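Only the coordinates and a few stated rules stand behind these numbers; no lab work does. Remember, it's a predicted structure, so these values are computed and weren't measured experimentally. Positions of Cβ are backbone-derived with ideal geometry, glycine not excepted, and every protein chain shown enters the neighbour counts.
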């Protein structure tokens with residue numbers, strides 16, 4: 001576990017090395033792309049599921065930083081009564097996480113992305129709206145924050161993954177995000193999984209994982225990234 005400071009608090013980060021780096025094949029001092037992984041409102045309740053996602057992304061050639069952003073408010077799970085007041089604080093923490101990650105010697109600071117799950121995706125949008133170092137977002141069934149829906153900021157290329165039957169974050173959020181990206185002529189991909197809820201399972205889960213790797217490769221690994 002590593003840490004960085006945000007708002008005077010220590011924020012935990014679990015690091016997962018990209019497979020080629022872990023295998024010792026990057027000895028020339030070359031840097032590699034990286035992503036922040038942002039959990040949902042459940043915090044670390046299902047931490048092993050998030051860690052599995054981090055390992056899967058790392059195996060595809062990305063350094064992954066799994067950020068415990070709730071450390072900023074000393075929460076284990078989101079306190080919904082404070083969600084609106086805490087959201088800007090967590091956004092600041094994610095911005096600090098981007099700055100911290102960009103400074104790591106093994107990281108290519110021009111090839112940074114965010115994979116956000118639910119609330120984590122909303123934080124990714126809010127962060128990328130003012131942080132140009134975020135070059136790609138993967139949105140797993142995240143809500144589009146009301147402020148961004150009004151202000152229409154320019155976002156980086158985005159992969160939208162959502163279930164048609166999501167009872168927590170209705171699929172209309174995915175469609176609203178798609179409309180914003182269309183308005184701005186921003187590169188995006190969208191996949192709505194029929195019958196899936198707030199979370200993907202079975203074949204949808206595996207299909208989404210494959211889409212994530214292809215999308216990150218296109219926007220963070222290519223020479224044009």
With labels modelled as points extended 7 Å from the Cα through the Cβ direction, what inter-label distance (nm, one decimal) is found for residue 44 paired with residue 150? 3.6 nm
Among the Cα-Cα pairs of the stretch 30-70, the proportion with separation greater than 13 Å, in percent, is 51 percent
With Rh as the Kirkwood radius over Cα pairs, the stretch 71-143 has Rg/Rh of 0.98
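Fewest to most neighbouring Cβ within 10 Å: what's the order for 32, 1? Kindly include the intermediate steps, with their values, before the conclusion.
Details: 32 18, 1 8.
With the sparsest Cβ surroundings first, the list reads 1, 32.
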Sorted from largest down, what three extents in whole angstroms do the Cα atoms of the chain have along their principal axes? 47, 37, 34
Calculate log10 I(q)/I(0) of the stretch 144-208 for q = 0.18, 0.25 Å⁻¹, where I(q) comes from the Debye formula with a single equal point scatterer on each Cα and nothing for solvent. -0.67, -1.06
Out of the DSSP beta bridges found with both residues in the chain, what percent are antiparallel (nearest 5)? 25 percent
Base-10 log of normalised Debye intensity for the stretch 178-225 (one unit scatterer per alpha-carbon) at q = 0.21, 0.23, 0.30, 0.31 Å⁻¹: -0.87, -0.94, -1.05, -1.07
Can you give the Rg and Dmax of the stretch 37-170 based on its C-alpha atoms, in angstrom? 14.1, 43
